[in-house]
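For reference, the structure discussed in these notes is given below.
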Amino acid sequence: MNTPDHYAVFGHPINHSKSPRIHRLFAEQTQQNISYDAQDIPPESFKNAIKSFFSSGGKGLNCTVPLKELAWQQADSLSERAQLSKAVNTLALQGNGSILGDNTDGLGLVADLTINHSITLSNSRILILGAGGASRGIIAPLMEKLPKELVIANRTVDKAITLGIEFSQVGDITGCSYEETKNKQFDLIINATSASLTGDLPPLADNLLAPNGCCYDLAYGNLPTAFVKWGLSHGAEKSLDGLGMLVEQAAEAFYIWRGIRPETRKIIDLLNSER
Ligand code: ATR
């Protein structure tokens with residue numbers, strides 16, 4: 001057998017990453033001869049680590065927290081969606097030896113919402129909680145689905161307003177405080193804050209979710225996150241965490257690297273059954 005093409009995920013910390021498992025399952029399913037491992041790379045070592053990865057024959061990388069913005073800076077060229085999001089989760093070696101940066105997070109979210117969970121985005125009222133890097137990656141792909149309204153609420157209001165202005169080329173986006181969302185209702189609320197990781201929640205009004213509305217937390221864990229629990233206790237028709245998005249963004253990265261799109265449903269089911 002030929003030597004496998006080498007791929008990896010860089011992050012810091014990285015020990016709980018599910019990406020190696022997911023990509024190995026993809027490779028098995030699509031019969032691609034690849035190896036994929038996880039490497040703990042602190043931000044200060046990132047630039048050298050990418051160089052040595054690709055110069056020693058590596059074909060592609062995933063980058064996760066806290067390296068996505070650095071990966072955006074290091075790529076030789078950027079896809080349009082990566083350019084806009086200022087964050088890169090996928091680096092791919094090109095035929096001419098240059099490194100392309102892409103961002104598949106937003107596509108992964110939209111695929112999980114619309115295909116796996118049959119949630120309609122067009123003409124819906126969507127609220128994003130948080131205005132950091134995670135929010136940046138999902139705004140444009142959500143806007144492509146033509147929601148009725150996209151609002152970004154953030155603790156630091158200026159960041160939400162600035163984000164709305166920055167993304168005005170993809171449509172009308174309102175940035176505001178949590179206080180300002182109080183008398184409004186949304187069909188879909190997406191938690192893109194890092195608050196979930198510490199079990200915290202932004203201050204959300206009790207009637208923020210419209211009847212039959214859905215909640216989606218970009219974070220995931222073996223147990224329901226604080227935001228998934230909030231959705232369940234506030235009448236959400238569906239209150240989901242980001243495991244499906246994780247698999248879908250990985251499938252999109254795999255497609256960029258290998259030109260073949262893995263089937264995700266069974267892999268999501270498998271990972272869900274292991275929680
Ligand atoms: P990421 O790349 O994961 O988005 P980030 O850029 O540090 O990380 O952004 C974290 C987001 O979570 C921010 O929107 C942050 O709000 P501020 O901009 O006001 O800091 C939000 N966040 C983190 N902890 C929070 C908490 N306890 N309550 C509300 N928002 C929180």
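Every number here is computed from the coordinates shown, using simple stated rules; none is lab data. Note that this is a predicted model, so its numbers are computed, not measured. Virtual Cβ from ideal backbone geometry, glycine too; neighbours counted across all protein chains shown.
Points worth noting:
- Just so you know, in segment 131-173 the residues that are of a type in the set (S, T, N, Q) and buried (at least 18 other Cβ atoms within 10 Å of the Cβ) include one that is nearest to the chain's Cα centre (by Cα), and it is S135.
- Any hit, segment 256-274, residues being within 16 Å of the ligand (Cβ to nearest atom) and in contact with a Ser or Thr (Cβ under 6 Å, 6 or more places away or on another chain): no
Residues are listed down the side, and each one gets a yes or a no for (1) buried (at least 22 other Cβ atoms within 10 Å of the Cβ); (2) within 16 Å of the ligand (Cβ to nearest atom); (3) assigned to a helix (DSSP H, G or I):
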{"site": "G175", "(1), (2), (3)": "yes, yes, no"}
{"site": "I189", "(1), (2), (3)": "yes, yes, no"}
{"site": "S196", "(1), (2), (3)": "yes, yes, yes"}
{"site": "P202", "(1), (2), (3)": "no, yes, no"}
{"site": "D206", "(1), (2), (3)": "no, no, no"}
{"site": "G235", "(1), (2), (3)": "no, no, no"}
{"site": "S239", "(1), (2), (3)": "yes, no, no"}
{"site": "M245", "(1), (2), (3)": "yes, yes, yes"}
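- Strands (runs of 3 or more DSSP E) within segment 86-153 that include 1 or more residues away from the ligand (no atom under 16 Å from the Cβ), more than 16 Å from S168 (Cα to Cα) and touching a residue at least 12 places away in the same chain (Cβ under 8 Å): 90-93, 99-102, 125-129
- Taking segment 36-74 as the range and being assigned to a strand (DSSP E or B) and away from the ligand (no atom under 16 Å from the Cβ) as the test, the residues that pass are Y36, D37, A38, Q39, D40, G60, L61.
- Verdict on S77 being of a type in the set (G, A, S) and surrounded by fewer than 22 Cβ atoms within 10 Å (Cβ to Cβ): yes
- Residue list for segment 154-169, restricted to those being part of a loop (DSSP other than H, G, I, E, B) and within 14 Å of the ligand (Cβ to nearest atom): N154, R155, T156
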